[in-house]
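S.K.: Next up is a structure, given as structure tokens.
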Amino acid sequence: MEKQLVKTLIITFLFVMGYMYVMQKYFPKQAQQPQPAQTAALPAAQREITRINIEEDLGCLAEATIGNFVVTYSTKGGYIKKVFTRAYKEELPFKNVGLILEDINKNFTAKVESDRIIFTSSPGAVKEFIFDGYLLKIKNSLPTPSGLVLFSNPLQDKGLEQQYQESFYVQKESLHKTHILKTKDTVLDNVEFAGIAGRYFCASLLKGSYSIKWLKEKDKVYFILLSAPSEISLYLGPQTKKNLQPFGLQGIVHYGFFHGIGVGLTWLLNAIYGVTKSWGLSIILLAVVIYLIFFPFTAKSAKSMKQTQAMQPLITELQKKYKGNLQKANKEEREMLAEYHKKMMGGCLPMLFQMPIFFALWQVLPKLVELKGASFLWIKDLSLADHAFKLPFPPPVDYLNLLPIGMMITGLIQQKFMAPPSTSDEQKSMGSAGVIMSLMFGVFLYNFASCLTLYWLTQNILTLAYQIRVSKARFHVKTPSK
């Protein structure tokens, strides 16, 4: 194994090990697999809930504006049918909030006040839904023997939205997350808090001790609170640290393996926005800052590749000398590159160091609710693809998206400057792989959120500009002394 490759692998290994140590020491442990159901102490009626049938009666629905929300409520069953957030102008994915299963066919009268809705039924049952910011308190005057539906969450049909849907719960200070499509019918005891998180919004119990049940049907998941107390509190709002932290729920915001990097990038992006007041410009400046941080590696890589190109006359002479012995020619070429310390593996170091940044941004940028509806230049919404022009084609190519096309073009031009002239099958294969990767990422991100493609395109332009500058420099390679 070549020395340069060994050094690269050692540096990568030390980086990953160091990062894992920091994550385990300073960030809470996160588990992915749900623990076994614990049902021994629960009544049989609650364990046997297998289906919920809510018949919607349009004549029983009404609408009210309360605090941060516009809510649609039903007097049949006495619950919140759906919630629209005024600040973000979007209907939340959490439906059927606060439905008591025994009351599903019971008629209530509703009284709307400035901060609450009060439901009253003829036997004297009273239910109150009290809104305080993004906190919803639910008070019941009667017990709930069969359980309380905190909310139901429809399975989204939009690929990008569904990608971020997760059910979560905390037991013994350990956070467990499961993709919404993999959530199974489960009963859990001694849960500290639980809920469902989407791309931008989440609904969660506040910290306490609960018994909960997930009930999954064909097109939705129900979150049921078993043995519900007379008063409970539910966070219902944007999935941001500043909103969740006052309730101790900031652990819901998690960016996966590179969470620590994601937190730092979020802070830096918000700090830049505090100056620019433009999210699009802030993303561009974030790309510039990160590029400058890694510039020493980029510069070394670009110069190394340019020097490798300057060695082509010597390599050509070797191939002529060993024209009839391709194996010998390739061996001599590798030895020459090793002697001059110009191994192509050295050019991978900037990418190895930047990949954790990109993976963290992959989680951070598409989930920032602040980017929802934010425009920049021709981009109407940074949380969606840039949609520059409408095309007369069916989805997914119904729009011309300039950012991913720009990514592909700049990526292909980079390959031209990075790759030396193809004088061997190995070099031709490397060049072809680079072209395929540039096209593949452009196609893969064609309909992705423009905030991420804007960042990547900026990085490509900065790297390409430096490569053009380096390409104009002259490098001389002396024949090694024997």
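The values are calculated or read from the model by the stated rules, or taken from the named source; none is laboratory data. Source: prediction; values computed, not measured. In this analysis, Cβ positions are derived from the backbone assuming ideal geometry, glycine residues included, and neighbour counts consider all displayed protein chains. Side chains included, ligands, DNA and RNA excluded: accessible areas come from the protein's heavy atoms. Shrake-Rupley method; radii C 1.70, N 1.55, O 1.52, S 1.80 Å.
S.K.: Can you tell me which residue is farthest from residue 459 (Cα to Cα) among those in region 338-376 that are open to solvent by less than 20 Å² (accessible area, probe 1.4 Å) and at pLDDT below 80?
M.R.: Per the criteria, the residue is 346.
S.K.: Another question, then. Kindly evaluate residue 88 against the criterion of being surrounded by 15 or more Cβ atoms within 10 Å (Cβ to Cβ) and more than 18 Å from residue 206 (Cβ to Cβ).
M.R.: yes
S.K.: Scan region 219-248 for residues that are over 24 Å from residue 71 (Cα atoms) and either touching a residue at least 12 places away in the same chain (Cβ under 8 Å) or surrounded by 17 or more Cβ atoms within 10 Å (Cβ to Cβ) (or both) and report the count.
M.R.: Within region 219-248, residues that are over 24 Å from residue 71 (Cα atoms) and either touching a residue at least 12 places away in the same chain (Cβ under 8 Å) or surrounded by 17 or more Cβ atoms within 10 Å (Cβ to Cβ) (or both) number 4.
S.K.: Find the strands (runs of 3 or more DSSP E) located wholly in region 101-181 whose residues include 2 or more that are open to solvent by 40 Å² or more (accessible area, probe 1.4 Å), and list them.
M.R.: Correct list: 109-112, 116-120, 126-132, 135-140.
S.K.: Looking at (1) among the polar types (S, T, N, Q); (2) modelled with pLDDT under 55; (3) surrounded by 15 or more Cβ atoms within 10 Å (Cβ to Cβ), which is the only condition residue 479 fails?
M.R.: It fails just one condition, (3).
S.K.: So which residues in region 265-281 are open to solvent by less than 40 Å² (accessible area, probe 1.4 Å) and under 20 Å from the mean Cα position of the chain (by Cα)?
M.R.: 265, 266, 269, 279, 280, listed by residue number.
S.K.: Quickly run through region 55-85 and pick out the residues that are open to solvent by 70 Å² or more (accessible area, probe 1.4 Å), among the charged types (D, E, K, R) and at pLDDT below 90.
M.R.: Scanning region 55-85 gives 55, 56.
S.K.: Could you grab the pairs with beta carbons closer than 7 Å, sequence gap of 6+ or different chains, first residue in region 353-371 and among the small types (Gly, Ala, Ser), second one crowded, with 18+ Cβ neighbours inside 10 Å and in a helix (DSSP H, G or I)?
M.R.: Final answer for the pair search is 360/258; 360/261; 360/262; 360/265.
S.K.: Still on this structure, please answer the following. Mind telling me which of the residues 422, 438 ends up being at pLDDT below 80, assigned to a helix (DSSP H, G or I) and small (Gly, Ala, Ser)?
M.R.: Matching residue, one of 422, 438: 438.
S.K.: Find all pairs meeting these conditions: Cβ atoms under 6 angstrom apart; at least six residues apart or on different chains; first residue within region 185-209 and without any contact (Cβ under 8 Å) to a residue 24 or more places away in the chain; second residue in a loop (DSSP other than H, G, I, E, B).
M.R.: What qualifies is 192/207.
S.K.: So, residue 188, is that one assigned to a loop (DSSP other than H, G, I, E, B) and more than 17 Å from residue 237 (Cα to Cα) or not?
M.R.: Details: assigned to a loop (DSSP other than H, G, I, E, B): no; more than 17 Å from residue 237 (Cα to Cα): yes.
For residue 188, the condition - assigned to a loop (DSSP other than H, G, I, E, B) and more than 17 Å from residue 237 (Cα to Cα) - is not met.
S.K.: For residue 286, all conditions in the list (1) touching a residue at least 60 places away in the same chain (Cβ under 8 Å); (2) closer than 16 Å to residue 454 by Cα; (3) surrounded by fewer than 19 Cβ atoms within 10 Å (Cβ to Cβ) hold save one; what is the number of the exception?
M.R.: (3)
S.K.: Inspect region 194-210 for any residue being farther than 26 Å from residue 90 by Cα and either acidic (Asp, Glu) or part of a strand (DSSP E or B) (or both) and give the result as yes or no.
M.R.: The answer is yes, given that some residue of region 194-210 is farther than 26 Å from residue 90 by Cα and either acidic (Asp, Glu) or part of a strand (DSSP E or B) (or both).
S.K.: Being in contact with a helix residue (DSSP H, G or I) (Cβ under 7 Å, 6 or more places away or on another chain) and closer than 19 Å to residue 130 by Cβ is the filter; apply it to region 201-218 and report the residue that is least open to solvent (accessible area, probe 1.4 Å).
M.R.: That would be 204.
S.K.: How about region 377-422: which of its residues are open to solvent by less than 40 Å² (accessible area, probe 1.4 Å) and hydroxyl-bearing (Ser, Thr, Tyr)?
M.R.: Hits for region 377-422 are 383, 410.
S.K.: Sticking with this one: Give me the residue from region 240-251 that is in contact with a Lys or Arg (Cβ under 9 Å, 6 or more places away or on another chain) and part of a helix (DSSP H, G or I) and, out of that set, nearest to residue 371 (Cα to Cα).
M.R.: Ranking the qualifying residues of region 240-251, first place goes to 250.
S.K.: Across region 377-400, what is the total count of residues that are at negative phi and either at pLDDT 85 or above or in a strand (DSSP E or B) (or both)?
M.R.: 14
S.K.: Could I ask something else about it? Starting from region 108-134, take each residue that is free of Cβ contacts under 8 Å to residues at least 12 places away in the same chain and list its partners that are outside any loop (DSSP other than H, G, I, E, B) and basic (Lys, Arg), counting only C-beta distances under 7 angstrom and pairs at least six apart or across chains.
M.R.: So the pair list comes out as 118/111.
S.K.: Given (1) closer than 28 Å to residue 135 by Cα; (2) assigned to a loop (DSSP other than H, G, I, E, B); (3) not acidic (Asp, Glu), identify the lone condition not met by residue 237.
M.R.: (2)
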